[in-house]
1. Quick one: how many residues across segment 1-57 are among the β-branched types (Val, Ile, Thr) and at pLDDT 95 or above?
2. Among the residues of segment 20-35, what is the count of those that are within 16 Å of the chain's Cα centre (by Cα) and surrounded by 10 or more Cβ atoms within 10 Å (Cβ to Cβ)?
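The values are calculated or read from the model by the stated rules, or taken from the named source; none is laboratory data. Since the model is a prediction, treat every value here as computed from it, not as a measurement. Here the Cβ positions follow ideal geometry from the backbone for every residue, glycine too, while neighbour counts run over all protein chains shown.
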Amino acid sequence: MNVLNPPLLFSMPGPLELALIFLVILLLFGARRLPEMAKGLGQAIKEFKKAISGSDKESGEKQK
């Protein structure tokens, strides 16, 4: 009886898996849309970080 260890079952994907995921995304969305999607993702992350740091400043002001 071979039981897989759950933490090992859901470990990070290796280089081959990452390349396969990228290839599937490339086929689904096309080469023209990938830069637009990456730019949008970068802007979303930037806004998220700005919102997080803004909420930290607000909570610091409330404590004073």
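1. Pass one, segment 1-57, residues among the β-branched types (Val, Ile, Thr): 3, 21, 24-25, 45, 52.
Subset that is at pLDDT 95 or above: 45.
Here the count works out to 1.
2. In the first step, residues of segment 20-35 are kept if they are within 16 Å of the chain's Cα centre (by Cα); the result is 21-22, 25, 34-35.
The next check asks that each one be surrounded by 10 or more Cβ atoms within 10 Å (Cβ to Cβ); those that pass are 21-22, 25, 34.
Going through segment 20-35 one residue at a time, the tally reaches 4.
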